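Below is one structure, written out as structure tokens; comments come after it.
The values are calculated or read from the model by the stated rules, or taken from the named source; none is laboratory data. Keep in mind that what you see is a predicted model, and the values were worked out from it rather than measured. Note that each Cβ is placed from the backbone with ideal geometry, even for glycine, and that neighbours are counted across all protein chains shown. Ligands, DNA and RNA are stripped out before the accessible areas are found, and what is left, the full protein with its side chains, is counted by its heavy atoms. Shrake-Rupley method; radii C 1.70, N 1.55, O 1.52, S 1.80 Å.
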Amino acid sequence: MTDTDGKTSNKKPLTLSAKTLTLKKGSEGGHVRQSFTHGRSKTVTVEVKKKRIILPNQQSESSKSEDEKPLSSTGLTHQQIEERLKALHGAMKTQAEESERIRQEAHEEQEQEATAEKNEEADASHQEETSTDQALFTQDVPILPSSEPTHKKKTVYSSYTEEEDESTRRGKSVSDTKLKVPLVKRTEPRRRSGKLTVVQALRDDEDKPGRSLASMRRLREKRKMAGVEKPQQKVIREVTIPEVITVQELSNRLAERGADVIKALMKMGVMATITQSIDGDTAELIASEFGHTVKRVAESDIEIGLHFKEETLSEMAPRSPVVTVMGHVDHGKTSLLDALRKTDVVTGEAGGITQHIGAYQVVLSSGNKITFIDTPGHAAFTEMRARGANVTDIVVLVVAADDGVKDQTIEAIHHAKAANVPIIIAINKIDKPDADPERVRNMLMQHEIFLEKVGGDILDVEVSAKKGTNLDKLEETILLQAEILDLKANPSRPAEGVVVESKLERGRGVVSTILIQKGTLNVGDIFVAGAQYGRVRALIDDRGNPIETAGPSVPVEVLGFNGAPLAGDDFVVVESENRAREVSEFRQRRAREAKSALSARGTMEQMFSKIAAGEIRELPLIIKSDVQGSMEAISGSLTKLSTDEVKVNILHSAVGEITESDVTLAKASQAMIVGFNVRANPQARETARRDGIEIRYYSIIYDVVDDVKAALGGLLAPTLREKYLGAATIRTVFTISKVGKVAGCMVTEGVVKRGAKVRLLRDNIVIHVGNLKTLKRFKDEVKDVREGYECGMAFENYNDIKVDDTIECFEIEEITRTLD
């Protein structure tokens, strides 16, 4: 073998000899036994070479002369070893000092945290700590070792020899000895423990560590056990509840959990989710159950405070009376109005009044004023009464002395009585030769109009509209009646009134005649009239002159409506346009709902049900007949049906066809119209259909009496009575798939009908009552089976039948209750 430089090497090639390969001198031997699967084993000889250690003080004499040679396997001189040992000792000392400083700082931080926690708990748990300390001092508690970590001071060796001796003494070698890594000081804050709450996230001292949730829970438990912390008292709130509210909104207003509210609803039998709506009554019960006070509000509360509060007597001032002239069209009502109009000293002979306004004011020679309302056909007056607006103070009833009391006169009497206003009788046409005022007074007594001359309390005046006779006396009578009524109003408050009539004019828009009842109306005021609202753009009096203000009992035309109001609607001045718009929208919505679901008590069935439920105690009727005798007979028969509990109230009875005024009266009084051998005219039929008033026609007087008697007795609440049909005995019982048990029976009495009620008796004890499901004879379905025949019967939803059981068959009859 040659090297790379070509020289021949004397080294022998590396080969394996037959001898065992050993470490020879300086080694320690041993044997290791290895075990394998299936019971095989193998012994291996292991030799370990001991490391030669040469200490500085144990040099041989032969090595003393060679100080500059490397020692053993380290390859270092004595001087280098000493320098490295010195550096190692210094580094270990520095690390020990640094570790001690870090431990000291950590210990101080723990002491500060413990001190802060003790200060927080000191005030709240003073009594608890005192009692706990006394209990601890009385017990034998072993003294626990300090939880502070004890740090052993690391030994610094002066040489490798001392370190090796110490390691040998502990059973460790120098190579196995490891140095402990010093703790690293944290420069960042400690990591947060527990959940992050809103308070912790928003607080300013974020760097300051907070207490954990577990620590706070333990503190609360300690305080509760010691009796220091009282349980949190429930806050009682005033909860506003509308007509409809969702469960979620209710729980928010109650400050309760939604699950608790749902649980309370389930206890009441109401199954609702968190998003479903419940009615106000149920919500009020829930709020009361949780201990809160309830304040109910409704959608109609928008109208609360719309009308001004009651005035004091010091603010009241006398006002003019409002008079309505009514009567038959041929009795001189128009002539009387013209005659009264001529007495107006302001207009005199030169002028007149504006006819289309529907209301005007007359100034008498004495300076007093009277406001007259023109109500042709009594339609406006009836609509006002239907809406509850008591506009008229006095009614002047015109009766012709030569003609007496007529149909429209009687109708006007009924209207005046329904409005509950005083009546003044004006007997007109006394200048005619055939005039008979005494005959008129006697005819009025038949209609419960008792005049003063016959001991009554109603005033009468004989006038002549054509010649102007006693017109001044009529005016004095009106003023006397007004003085008795003591009519007063407050002129210094926002205006309130009523709509007399309304129309649409080209170039002016909606023009409404308003009768001011209270307060003063000014140009620019914002108002609400029924379902309409607006701002007063102009005020025009009954003479066509523009004015700036209008006081009580003054009729005036108002411009500025956004829509045409209805006759009889209330007119109120409000503070802002927003309030007016809200009230108007609410009333329009309410009108639409009432129109879509007409709830007027117009049909016979509705009146029957209300009588049966006890909602009404009287039955108002309007009777129209073909002849006077039939009308009197019907009225007398129906009046006799009245009892102490329920009575018949005949509002109006007359001869002739059913007119539109009859339907209007029925709507205002919620009455039923009875037509005997008469029919309604087209206008009346259309009005009745629109307003939901039912007109019933009869040709036999007994049918009228029977229907009214049935209404009074409660037709919709009949009496139930059982009718026995027959009986059968079970001879055998068959079980048929998909059908159940079928009883083979023999009819022993009467007849058994399919679909009738059955009663199952066992030992003369009723064990089941139900319906007969099937009735067969020879596999054929039959309607009935008579006595002495066999049949098969099965019950609905019942199969517990046995031999020798008895089946009774019966029916339920409805017996109508009568007033007898």
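Confirm whether residue 544 is touching a residue at least 24 places away in the same chain (Cβ under 8 Å), assigned to a loop (DSSP other than H, G, I, E, B), surrounded by fewer than 16 Cβ atoms within 10 Å (Cβ to Cβ) and not polar (S, T, N, Q).
For residue 544, the condition - touching a residue at least 24 places away in the same chain (Cβ under 8 Å), assigned to a loop (DSSP other than H, G, I, E, B), surrounded by fewer than 16 Cβ atoms within 10 Å (Cβ to Cβ) and not polar (S, T, N, Q) - is met.
If you take the residues of segment 274-291 that are more than 15 Å from residue 258 (Cα to Cα), in a helix (DSSP H, G or I) and small (Gly, Ala, Ser), which of them is least open to solvent (accessible area, probe 1.4 Å)?
Filtering segment 274-291 for residues that are more than 15 Å from residue 258 (Cα to Cα), in a helix (DSSP H, G or I) and small (Gly, Ala, Ser), the one least open to solvent (accessible area, probe 1.4 Å) comes out as 280.
Could you check segment 434-471 and list, in sequence order, the residues that are part of a strand (DSSP E or B), under 20 Å from residue 338 (Cβ atoms) and not aliphatic (A, V, I, L, M)?
462, 464, 469
Does any residue in segment 475-502 that is touching a residue at least 60 places away in the same chain (Cβ under 8 Å) and more than 22 Å from residue 565 (Cβ to Cβ) come within less than 9 Å, Cβ to Cβ, of a residue that is open to solvent by 10 Å² or more (accessible area, probe 1.4 Å) and in a helix (DSSP H, G or I) six or more places away or on a different chain, and which pairs are these?
488/313; 490/315; 491/315; 492/315
Being in a helix (DSSP H, G or I), open to solvent by 30 Å² or more (accessible area, probe 1.4 Å) and either farther than 21 Å from residue 500 by Cβ or at pLDDT 75 or above (or both) is the filter here; which residues of segment 313-337 pass it?
313, 314, 315, 335
Taking the conditions exactly as written (open to solvent by 20 Å² or more (accessible area, probe 1.4 Å), farther than 26 Å from residue 668 by Cβ, out of contact with any Lys or Arg (no Cβ under 8 Å at 6 or more places or on another chain) and among the hydroxyl-bearing types (Ser, Thr, Tyr)), does residue 576 satisfy them or not?
Answer is yes for this residue.
Within segment 648-668, how many residues are out of contact with any Pro (no Cβ under 7 Å at 6 or more places or on another chain) and assigned to a strand (DSSP E or B)?
7
Kindly provide the set of residues from segment 464-479 that are open to solvent by 10 Å² or more (accessible area, probe 1.4 Å) and within 20 Å of residue 399 (Cα to Cα), ordered by number.
Across segment 464-479, the qualifying residues are 465, 466, 467, 468, 469, 470, 471, 472, 473, 475, 476, 477.
Identify, from the list 529, 489, 482, 550, the residue that is touching a Leu at 6+ places or on another chain (Cβ under 6 Å) and open to solvent by less than 30 Å² (accessible area, probe 1.4 Å).
Residue meeting the stated conditions: 550.
Results for (1) in a loop (DSSP other than H, G, I, E, B); (2) in contact with a Gly (Cβ under 9 Å, 6 or more places away or on another chain); (3) on the phi > 0 side of the Ramachandran plot; (4) of a type in the set (A, V, I, L, M), shown as yes or no for each residue.
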position	(1), (2), (3), (4)
743	no, yes, no, yes
746	no, yes, no, yes
750	no, yes, yes, no
760	no, yes, no, yes
768	no, no, no, no
771	no, yes, no, no
775	no, yes, no, yes
793	no, yes, no, yes
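Looking only at segment 787-802, which residues are open to solvent by less than 80 Å² (accessible area, probe 1.4 Å) and within 49 Å of the chain's Cα centre (by Cα)?
Of everything in segment 787-802, those that are open to solvent by less than 80 Å² (accessible area, probe 1.4 Å) and within 49 Å of the chain's Cα centre (by Cα) turn out to be 795, 798, 799, 800.
Answer with yes or no whether residue 819 is modelled with pLDDT under 90, under 30 Å from residue 643 (Cα atoms) and among the hydrophobic types (A, V, I, L, M, F, W, C).
yes
Kindly establish whether residue 417 is within 21 Å of residue 362 (Cα to Cα) and surrounded by fewer than 20 Cβ atoms within 10 Å (Cβ to Cβ).
Taking the combined requirement at face value, the residue does not satisfy it.
In the set 784, 805, which member is acidic (Asp, Glu) and open to solvent by less than 50 Å² (accessible area, probe 1.4 Å)?
None of the other options fit; the residue is 805.
Go through 310, 303 for me and flag whichever is surrounded by fewer than 13 Cβ atoms within 10 Å (Cβ to Cβ) and at pLDDT below 85.
Result: 310 is the single residue among 310, 303 that is surrounded by fewer than 13 Cβ atoms within 10 Å (Cβ to Cβ) and at pLDDT below 85.
Would you check if residue 696 is surrounded by 16 or more Cβ atoms within 10 Å (Cβ to Cβ), in a strand (DSSP E or B), within 49 Å of the chain's Cα centre (by Cα) and of a type in the set (Lys, Arg)?
So residue 696 fails the test.
How many residues does segment 242-253 hold that are under 14 Å from residue 292 (Cα atoms) and either touching a His at 6+ places or on another chain (Cβ under 6 Å) or open to solvent by 40 Å² or more (accessible area, probe 1.4 Å) (or both)?
Summing the residues that are under 14 Å from residue 292 (Cα atoms) and either touching a His at 6+ places or on another chain (Cβ under 6 Å) or open to solvent by 40 Å² or more (accessible area, probe 1.4 Å) (or both) in segment 242-253 gives 2.
Quick one: in segment 765-786, of everything that is without any contact (Cβ under 8 Å) to a residue 24 or more places away in the chain and closer than 30 Å to residue 719 by Cα, which residue is nearest to the chain's Cα centre (by Cα)?
769
Of everything in segment 502-525 that's in contact with a Lys or Arg (Cβ under 8 Å, 6 or more places away or on another chain) and open to solvent by 40 Å² or more (accessible area, probe 1.4 Å), which residue is farthest from residue 319 (Cα to Cα)?
523
Looking only at segment 394-405, decide whether some residue is closer than 26 Å to residue 658 by Cα, within 51 Å of the chain's Cα centre (by Cα) and at pLDDT 80 or above.
For segment 394-405, residues closer than 26 Å to residue 658 by Cα, within 51 Å of the chain's Cα centre (by Cα) and at pLDDT 80 or above: present.
Listed here are the residues, each with its yes/no results for (1) of a type outside the set (Lys, Arg); (2) at pLDDT 85 or above; (3) open to solvent by 80 Å² or more (accessible area, probe 1.4 Å).
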| site | (1), (2), (3) |
| --- | --- |
| 709 | no, no, no |
| 717 | yes, no, no |
| 720 | yes, no, yes |
| 728 | yes, yes, no |
| 733 | yes, yes, no |
| 749 | yes, yes, yes |
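Since residue 385 meets every condition but one in (1) in contact with a helix residue (DSSP H, G or I) (Cβ under 7 Å, 6 or more places away or on another chain); (2) open to solvent by 30 Å² or more (accessible area, probe 1.4 Å); (3) at pLDDT below 80; (4) farther than 24 Å from residue 448 by Cβ, which condition does it not meet?
Against the list (1) in contact with a helix residue (DSSP H, G or I) (Cβ under 7 Å, 6 or more places away or on another chain); (2) open to solvent by 30 Å² or more (accessible area, probe 1.4 Å); (3) at pLDDT below 80; (4) farther than 24 Å from residue 448 by Cβ, residue 385 comes up short only on (4).
Mind checking which pairs have a first residue in segment 270-298 that is hydrophobic (A, V, I, L, M, F, W, C) and a second that is open to solvent by 70 Å² or more (accessible area, probe 1.4 Å), Cβ under 7 Å, 6 or more apart or different chains?
Close Cβ pairs (under 7 Å, with a partner that is open to solvent by 70 Å² or more (accessible area, probe 1.4 Å)) amount to 274/248; 285/268; 298/243.
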